[in-house]
Amino acid sequence: MKLRKFAETTLPTGRLYNLFVKNSQIYRSATDNSLYFTYKLSDSPLLLSEKNVCNAIVKLETHCFHRTVKLSVAKEVYTSIKASAEDCVDYRTIAKLVCKCGDTIYYDCNNPYTVLRISPDGINEVNRDVSEVLFIRDSKSKNIPSKINYGVLIDDFLPMLKGIFHVQNDQLLLLAVYIIALFVPDINHPLLVIDGEYGAGKSFALKLISRIIDRYHGIETLPVKLDDIANILNDNYFTAFDNVGYITKAVSDLLCVAVTDGNYSKRKLFSDTEVVSLNIHKPVAINGLGLNLTQSDLLDRVIILFFERINDSERIDEAVLYAKFDQKLPKLLGIIFLVLKKALPNFNTVTLKSLPRLADFGKVGYCIAEALHEGYGDEFLKQYRRNISSARHTAIENNPLLDTVEMFMSDKTSWTGSMTELLQELKKLYLKNSVSDKLPTSFPLAPNTLSKKLKVYQNDLKELKIKYEFFKKTTRGIIITKE
């Protein structure tokens, strides 16, 4: 939408307003109703914020008249622009990097004039100005079109990945499907966790995966503050956090939101009441040495891939590895887009007997695996379910309370008593079988805390064939049974 000009005026605010109007276009996002603008000195749509508009005004004035602008004047102009833009009815689908419209996927391949369009009918480039998607780009993006080679065989994809990533053989298909599914937005992508011993190339693997989906974004360090994590997720389409240590309950909950929900609200800076909502429903990956994931909700949303240690004789300088990878990247992208073209018609039509927790990822993953090779769909689902089950069992083994409850019920089919009695029995059993004479900090110290913990770990106990029920109208007594 073009804003209406002010009547001819000699006032600085009016003149700068008209200058902005002449060189800009206003759009409203069809997804979240936010306002964006484009102007002739920018290659990407920008959020209609005070900072962005003021920067645009300064640049336009400098470019057109070689004059400077006082910041206070630019802010006055922004107020008028925002008021006029509120009536914008030019709705566009606005996205970062990848967008899906119906059965068509659009990908911002760094070309300043075109975007890539992948549909069941074919793969082609369309002009940015007429594309139904308006892509947001940032300062890291460069106008260097991605090279894509379509003269490849889809069957070559898994061998190519095996030559790049040191993932275990029985998880190679899972990695392949995950990478291709990154190009399918608006589904619940599981949190990718890359595990393995020291020297397995975990950090480099994250860099390469990030390079496949977005060649100009690397890996990040996981911040301590939740607001900082949310800002990073909001700014990027795909985020990879490197060398993650202990994950707190709060960070775990935030990552769950990133996988399956998508919105994070916080108070606007320098404001007591105004709240901003960040879209964090994005693909996320992490790696770390000996990551101890114990939160049940998060474990239902992960894929854990184990990487094997690289032999010293096979180690190569990272610059050489990047050069070799960049030679293969056009072929990898070519296969990815050919697979998507083949799989897209089946995303909404395939019917499966049972699906994992992230059902949409299960369906999309099945279609992608079948497009890679007939019969791979069932193998993918089997590997995915096995991966989730393995993650849960590992978490149970690392959870002192669950481990003690399993030990407590190992020679029983049922037990009835008060929560106080159960807590005493569990404490006694843990200390008897532990090398330490102290309880771990995660172990409950009061009966009411124990009842709350058991509720949280209810699904994990079911994995151990253990069920419980509290006495009617109270949680002070409990009946535990084991199949």
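For the range 394-403, 3J(HN,Hα) computed residue by residue from phi via the Karplus equation (6.51, -1.76, 1.60; θ = phi - 60°) reads 5, 5, 5, 5, 8, 9, x, 5, 4, 4 Hz, glycine and proline entered as x. The dipole here belongs to the chain: it is taken about the Cα centre, uses +1 on the Cβ of Lys and Arg and -1 on the Cβ of Asp and Glu, and is about 980 debye. Where the alpha-carbon atoms of the range 1-97 are placed on the principal axes, they occupy 38, 26, 20 Å, in descending order. Taking the C-alpha atoms only, the angle from helix 71-85 to the longest principal axis of the chain is near 80 degrees.
Out of the range 176-237, which trypsin sites (Lys or Arg not before Pro) are coil in DSSP terms and have no more than 10 other C-beta atoms within 10 Å?
Numbers: sites: K202, K207, R211, R215, K225; in loops: R215, K225.
Hits after loop and neighbour filter: K225.
Residues K82, K40, K22 ordered from highest to lowest accessible area at a 1.4 Å probe: K22, K40, K82. When you filter the chymotrypsin sites (Phe, Trp or Tyr not before Pro) in the range 66-163 for DSSP loop state and at most 14 other Cβ atoms inside 10 Å of their Cβ, you are left with Y113, Y150. Exposure check, 1.4 Å probe, all protein chains in place: E308 carries approximately 90 Å² of accessible surface.
Which entries of K363/K455; K207/K453; K225/K324; K412/K472; K40/K75 have Cα-Cα distances beyond 28 Å here? It would help to have the intermediate numbers written out before the result.
Working: K363/K455 30 Å; K207/K453 37 Å; K225/K324 37 Å; K412/K472 23 Å; K40/K75 20 Å.
In this structure, K363/K455; K207/K453; K225/K324 exceed 28 Å between Cα atoms.
Just reorder M1, M409 by solvent-accessible area, largest first, 1.4 Å probe, all chains present. Working shown, then result.
On the way: M1 45, M409 0 Å².
Order by accessible area, largest first: M1, M409.
The angle between the Cα long axis of helix 50-65 and the longest principal axis of the Cα atoms of the chain comes to about 30 degrees, rounded to the nearest 10. In this structure, the amide hydrogen of I94, modeled 1.01 Å from its nitrogen in the peptide plane, lies closer than 5 angstrom to those of A30, T31, L134, counting only residues at least 5 positions away or on a different chain. Derived scalar couplings between HN and Hα for the range 199-216 equal x, 8, x, 5, 5, 5, 4, 5, 4, 6, 4, 4, 5, 5, 7, 8, 5, 10 Hz in order, rounded to whole Hz, by the Karplus curve 6.51 cos²θ - 1.76 cosθ + 1.60 (θ = phi - 60°), x for Gly and Pro. Within the assembled protein chains, the solvent-accessible surface assigned to R92 is about 40 Å², based on a 1.4 Å probe. The string of couplings for the range 327-343 from the Karplus curve (6.51, -1.76, 1.60, θ = phi - 60°) is 6, 8, 4, x, 6, 4, 5, x, 5, 4, 6, 5, 5, 4, 4, 6, 8 Hz, one whole number per residue in order, with x for Gly and Pro.
What percent do you get for the relative contact order of the chain when only Cα pairs under 8 Å and 6+ apart count?
Details: 758 pairs, mean separation 61.2, N = 483.
Computed over the chain, the figure is 13 percent.
Axis angle, to the nearest 10 degrees, between helix 226-235 and the longest C-alpha principal axis of the chain: 50 degrees. Rolling a 1.4 Å probe across all protein chains gives I123 an accessible area of roughly 50 Å².
What trypsin sites (Lys or Arg not before Pro) in the range 283-326 are in a loop by DSSP, with at most 13 other Cβ atoms within 10 Å of the Cβ? Kindly include the intermediate steps, with their values, before the conclusion.
On the way: sites: R301, R309, R315, K324; in loops: R301, R309, R315.
Answer in residue order: R309, R315.
Only bridges whose two residues both fall in the chain count here: according to DSSP, what percent of them are antiparallel, nearest 5?
Details: 36 of 56 bridges.
Roughly 65 percent of the DSSP beta bridges within the chain come out antiparallel.
For I303, the residues 5 or more places off, or on other chains, whose built amide H falls under 5 Å of its own are L191, L192, V193.
The values are calculated or read from the model by the stated rules, or taken from the named source; none is laboratory data. Please read all numbers here as calculations on a predicted model, not as lab measurements. Heads up, the Cβs are rebuilt from the backbone with ideal geometry, glycines too, and the neighbour counts pull from every protein chain shown. Accessible surface is based on the protein model in full, side chains and every heavy atom, while ligands, DNA and RNA are left aside. Shrake-Rupley method; radii C 1.70, N 1.55, O 1.52, S 1.80 Å.
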